[in-house]
Amino acid sequence: MLNNIIFEILEEQSVLKTTRTKPIVDAIKNRKKITFYYSGPRKPKKDSVKAGYRVKAEAVALGLSKKGNLVMRAYVQPPSTSKKGFAKHGWRTFMLSRMSGTNVTDEIFNEKRPGYKEGPDGGLSVTYVTTDWTKQPETKKIKKPEPKVEPTTTVKPPIEKPEVKGEKPQLQVKSTEPKPTELPQPKPEVKPTRTPEPPKEEPKSTELPQPKPEDKPVQNPEDKEDNNLQENLKRIKSLMLL
């Protein structure tokens with residue numbers, strides 16, 4: 001008897017710490033909803049289960065079925081997939097070997113669904129874990145991101161002009177018309193500057209050398225007196241002839 005108890009304890013410890021079972025055990029203890037894909041047996045047809053997603057299932061127990069399979073009991077509702085539907089109730093058992101893509105959400109369930117019984121599950125041969133309603137479930141504290149503080153730029157206030165009495169303030173209206181874009185103007189052609197020609201110099205007339213005037217011989221005063229005398233003699237003769 002003691003050996004059987006020790007074996008069950010060792011078996012329980014090894015089962016609950018595998019990578020497949022550990023997140024489900026934490027979800028059952030902390031009452032967190034889980035979503036997973038389930039591919040149930042197809043044959044025989046009467047025992048077949050419709051494959052599909054079970055969305056936000058509320059798992060309450062984990063243990064061994066009467067056939068020795070590791071199973072989970074959970075409460076599911078639409079939009080979860082179900083062959084029988086949820087008209088009577090939403091309690092289902094799922095084999096962990098057929099579950100995949102298990103996602104433990106942060107959403108907690110605090111309601112005991114109709115038909116739920118606390119303690120060991122009567123439909124299981126061995127119950128490893130059940131939901132504990134006596135304590136508050138553990139919740140992970142989500143750190144809120146600190147708000148980013150943008151650097152503030154100091155804006156200088158506009159310089160106000162002193163008001164002049166009797167003068168109405170004029171509102172400056174910014175024109176919304178687009179500024180005309182100036183087209184590049186052709187550069188003016190630069191004409192080559194002509195250098196002024198020097199004035200033509202008229203040819204200087206070449207003066208021929210003029211003959212020097214002949215110097216008349218200066219009369220001797222004695223000769224001059226002789227001439228006067230002769231003239232006077234002529235005059236006297238002419239008067240005698242008369």
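Provide the net charge surrounding residue 77, with neighbours chosen by a C-beta distance below 14 Å and charges set as Lys +1, Arg +1, Asp -1, Glu -1. Don't jump to the answer; show the numbers that get you there.
Details: positive: 33, 54, 56, 84, 88, 92, 113; negative: 58, 107, 111.
Once positives and negatives cancel, what remains is +4.
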- Message: Give the separation of the Cα centroids, the stretch 68-86 to the stretch 31-57, in Å.
- Response: 6
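Based only on other Cβ atoms within 10 Å, what is the fewest-to-most ordering of 16, 241, 229, 70? Before the final figure, lay out each step's value.
Numbers: 16 15, 241 6, 229 10, 70 19.
Fewest to most other Cβ atoms nearby, the residues stand as 241, 229, 16, 70.
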- Message: Applying a 10 Å radius around every beta-carbon, put 48-57, 230-239, 84-93 in order of their mean neighbour count, most first.
- Response: 48-57, 84-93, 230-239
- For the table 17/117; 56/88; 22/45, the rows whose alpha-carbon distance is greater than 29 Å are 22/45
- Task: Measure of size requested: the Rg and Dmax of the stretch 2-130, with Cα atoms as the atom set and Å as the unit; please supply both.
- Result: 14.6, 47
- Among 226, 121, 26, which comes first, then next, by fewest other beta-carbon atoms within 10 Å? 226, 26, 121
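None of the figures in this text is laboratory data; all of them are computed from the coordinates on show. Predicted model, so just to flag it, every value in this text is computed and none were measured. Ideal geometry is used to build each Cβ from the backbone, glycine not excepted, and the neighbour counts take in all protein chains shown.
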